[in-house]
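Following: one structure in structure tokens, then a few remarks.
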Amino acid sequence: MLTFNAQKNISRKTAKNSLYQIVIVSLLTLGLAACGDSYKYSDDNYTPLVQPPMEYSYSITLTNLTYGQPLSPIAVILHGDSKMWQVGQSASVALEKLAEGGDNSDFLALESNLATTSSAGPVPPGASVTLNISTTEPMANYLTVVTMLVNTNDAFSGLTGVDISTLVLNQEKSWRLNVYDSGTEQNNEAVGTIPGPADGGVGFDADRNDIDLVGYHSGVVSKDDGLSSSVLTQAHRFDNPAVKLTITRTK
């Protein structure tokens, strides 16, 4: 027969063991609950769940501020930390094609691009166009927007390599943009050299006959100003800024 003290010790051990069991079960339950968001239970194995990539979306609105300069289809690009042109440096062939003929297809196809979109057609003077662009690429932190003033030889407007990584949801940012000269074609305004409706001439020409450096455009001279060989008129003049650009983060 067990003594009273022996029975008391057995009761304490039994209670202690029961407490240990309760604690262990509780910890296991908490552990499984904590893993519930990251793992999927299947056939006695835990399989990590694949989280969908985060999507970044932006709305881009461009307004043509000129009186008589239609803008070529707008190219919008998200890319890494780089600029797609710089004043004082030679234009790429893709930029030359865009600035001389309004063709943005090569520009949109550059390997460094992470996301792209384009307007369906030209933007008339005084009109606006809104484009949407999305990406799941976390390195697509920089924005480039570019368009040609089509009643010129090789004038274009835009901005490049602008950091948009700090934009928060529904935040808006705007710029007023000046006009650049790609430096790839002389600004002679001659018949057959202007691709826009003022002339309907040739666009891109692979032979570069200007200084071959991107610079700020000095403006249109026109036949009304004494350049008798020009197909342009005073209506085709432009002042800076020529374009208003607004970006809004929508997702």
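The values are calculated or read from the model by the stated rules, or taken from the named source; none is laboratory data. This one's a predicted model, so the numbers in the text were calculated from it and none came from an experiment. Cβ placement follows ideal geometry from the backbone for every residue including glycine, while neighbour counts extend to all protein chains displayed. Accessible surface areas use protein heavy atoms only, side chains included; no ligands, DNA or RNA. Shrake-Rupley method; radii C 1.70, N 1.55, O 1.52, S 1.80 Å.
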Q.
With every protein chain left in place and a probe of 1.4 Å, what is the accessible surface of V93, to the nearest 10 Å²?
A. 80 Å²
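For V50 and V93, FRET efficiency with R0 = 41 Å and r from the beta-carbon atoms, rounded to 0.05?
Given R0 = 41 Å and the Cβ-Cβ separation, E is 0.50.
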Q) Whole-Hz Karplus ³J(HN,Hα) for the stretch 117-132, in order, using 6.51 cos²θ - 1.76 cosθ + 1.60 and θ = phi - 60°, x for Gly and Pro? A) 7, 8, 5, 6, x, x, 10, x, x, x, 9, 10, 9, 10, 10, 10
(Q) Roughly how far apart, in whole Å, are the Cα centres of the stretch 63-121 and the stretch 200-237? (A) 19 Å
Q.
Can you report the principal axis dimensions of the stretch 191-246 using only the alpha carbons, biggest first, rounded to whole angstrom?
A. 34, 29, 20
Q: May I ask for the equivalent-ellipsoid semi-axes of the stretch 53-198, computed as the square root of five times each C-alpha gyration tensor eigenvalue and listed largest first in whole Å?
A: 27, 17, 12
(Q) Assuming 0.36 nm per residue, please report the length gained on full extension of the stretch K244 to E111 beyond their Cα-Cα distance. (A) 45.1 nm
Q. Which percent of the Cα-Cα distances in the stretch 65-135 go past 15 Å?
A. 59 percent
Q. How large is log10 I(q)/I(0) at q = 0.24 Å⁻¹ when the Debye formula is applied to the Cα atoms of the stretch 89-171, each weighted equally and without solvent?
A. -1.37
Q.
Not counting ligands, DNA or RNA, and with a 1.4 Å probe, what is S218's accessible surface area in Å² rounded to the nearest 10?
A. 110 Å²
